[in-house]
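Novice: The structure is given below, and queries will be raised subsequently.
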Amino acid sequence: MMASKRRFGRVRRLPSGRFQARYHGPDGIDRPGAQTFATKRDAEVWLAQQEVELRADNWVDPDLGKVAFETYARAWLQDRVLKPRTAELYDGLLRNHLTPFFGNYALVEIREPHVRRWRKEQLESGAKSKPKTSQDFGCQAATGDWPVFSRWPHAVVSS
């Protein structure tokens, strides 16, 4: 029986015996998986997940996640059209609450447990800004408008 050609991406066996999956991103760049896979099936499942993200318009450029949080957050803030008071508030939240905790993390390194720990520390420290205000800029805005955080559940900070 002849093997059928994949309709999305490709999988190849490496000399190590592991499998590498690759696909063309919407940006035209050939994108390899971040890791290799023990089985061909695992590589195919990963490719299927990438295809679903592309079709649902949820694909995130993996290179975006290599940027430091502070760099990305400053650029995000600068790109917004905000009223002066809102810009001042967001800048203060970023400078006083978010950057000290997340500043040097690469975006791909920030996970839900980090956000929960940050929120807990904010609540325990008696931070002057209300958690809801920090939530608005720190996480809710991030999950809604920062593509790298599209997979963060909103419940991280609203629970």
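Only the coordinates and a few stated rules stand behind these numbers; no lab work does. As the structure is a computational prediction, the values presented were derived from the model and not from experiment. Here the Cβ is made from the backbone with ideal geometry for all residues, glycine too, and neighbour counts use every protein chain on show.
Novice: I'd like to verify a number: residues in segment 54-81 that are touching a residue at least 24 places away in the same chain (Cβ under 8 Å) and acidic (D, E), how many?
Specialist: Result for segment 54-81: 2.
Novice: While we're here: Restricting attention to segment 46-94, which residues are over 20 Å from P32 (Cβ atoms) and outside any helix (DSSP H, G or I)?
Specialist: A56, D57, A68, D79, R80, V81, L82, K83
Novice: Working carefully through the options V52, V45, V60, find the one that is closer than 30 Å to G17 by Cα and in contact with an Asp or Glu (Cβ under 8 Å, 6 or more places away or on another chain). Give the derivation first.
Specialist: Details: V52 fails: in contact with an Asp or Glu (Cβ under 8 Å, 6 or more places away or on another chain); V45 fails: in contact with an Asp or Glu (Cβ under 8 Å, 6 or more places away or on another chain).
The conditions single out V60.
Novice: Return a yes/no flag: does segment 82-100 have any residue that is touching a residue at least 40 places away in the same chain (Cβ under 8 Å) and within 25 Å of R31 (Cα to Cα).
Specialist: No.
Novice: Please name all residue pairs, on different chains or six or more residues apart, with Cβ atoms under 9 Å, provided the first residue is in segment 110-122 and is without any contact (Cβ under 8 Å) to a residue 60 or more places away in the chain and the second residue is hydrophobic (A, V, I, L, M, F, W, C) and outside any helix (DSSP H, G or I).
Specialist: I110/W152; R111/W152; E112/W152; V115/W152; E121/A127
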